[in-house]
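For reference, the structure discussed in these notes is given below.
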């Protein structure tokens, strides 16, 4: 079961010393996720925190030095389960499995993996207040082959490949022994065939 993250508690002002890797900060008006946060004490200079943060909208890496007593805004988040229902223009409609509330999430948050998403799948989405900011889907999904050339009898080699169309309409490369109607596991990050599902 996937998780969806939703900020329902107000953001908190904190000292830089309270920040941990994984926190989402409001930094220069943008939301950033802390990837690395290291305490530095260079010789006779004042201690500081060296931060590596990724902008959640653009994916751009930001580096910054925080003074130990500097005020930062940590965004608070809460989790609940969500399921993908259907596509609506540039948005995907997802449903909270517990409350049955529905939300529109921009397709762009899923990146290239969105082409492997099918109705009923569980997804992970992060919300900051009411705004969805990060989305991801399972690393591997099972999809049915809707079209491919018939398998060549006796060809069980896995190195030779052919094109096949999966139920979401995407064309992927599969081994020669895969037939129309077979279910295959696909890596959503790369679009690569993983294995045939028995």
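The values are calculated or read from the model by the stated rules, or taken from the named source; none is laboratory data. All values derive from a computational prediction rather than experimental measurement. Neighbour counts are summed over all protein chains in view; Cβ atoms, including those assigned to glycine, are modelled from backbone coordinates with ideal geometry.
In this structure, does residue 85 turn out to be touching a helix residue (DSSP H, G or I) at 6+ places or on another chain (Cβ under 9 Å), touching a residue at least 12 places away in the same chain (Cβ under 8 Å) and assigned by TED's automatic domain parsing to the domain that holds residue 125? Taking the combined requirement at face value, the residue does not satisfy it. When you scan the range 147-155, do you find a residue that is within 23 Å of residue 56 (Cα to Cα), not in a loop (DSSP other than H, G, I, E, B) and not assigned by TED's automatic domain parsing to the domain that holds residue 32, even just one? No, the conditions are met nowhere in the range 147-155.
Taking residue 93 as the residue in question, decide whether it is in a strand (DSSP E or B), surrounded by fewer than 17 Cβ atoms within 10 Å (Cβ to Cβ) and touching a strand residue (DSSP E or B) at 6+ places or on another chain (Cβ under 9 Å). Spelling it out, residue 93 is indeed in a strand (DSSP E or B), surrounded by fewer than 17 Cβ atoms within 10 Å (Cβ to Cβ) and touching a strand residue (DSSP E or B) at 6+ places or on another chain (Cβ under 9 Å).
The single condition from (1) modelled with pLDDT of 90 or more; (2) over 26 Å from residue 20 (Cβ atoms); (3) surrounded by 13 or more Cβ atoms within 10 Å (Cβ to Cβ) that residue 151 fails is (1).
This table checks each residue for (1) surrounded by 11 or more Cβ atoms within 10 Å (Cβ to Cβ); (2) over 26 Å from the mean Cα position of the chain (by Cα).
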site	(1), (2)
20	no, no
27	yes, no
33	yes, no
53	yes, no
61	yes, no
66	yes, yes
69	no, yes
73	yes, no
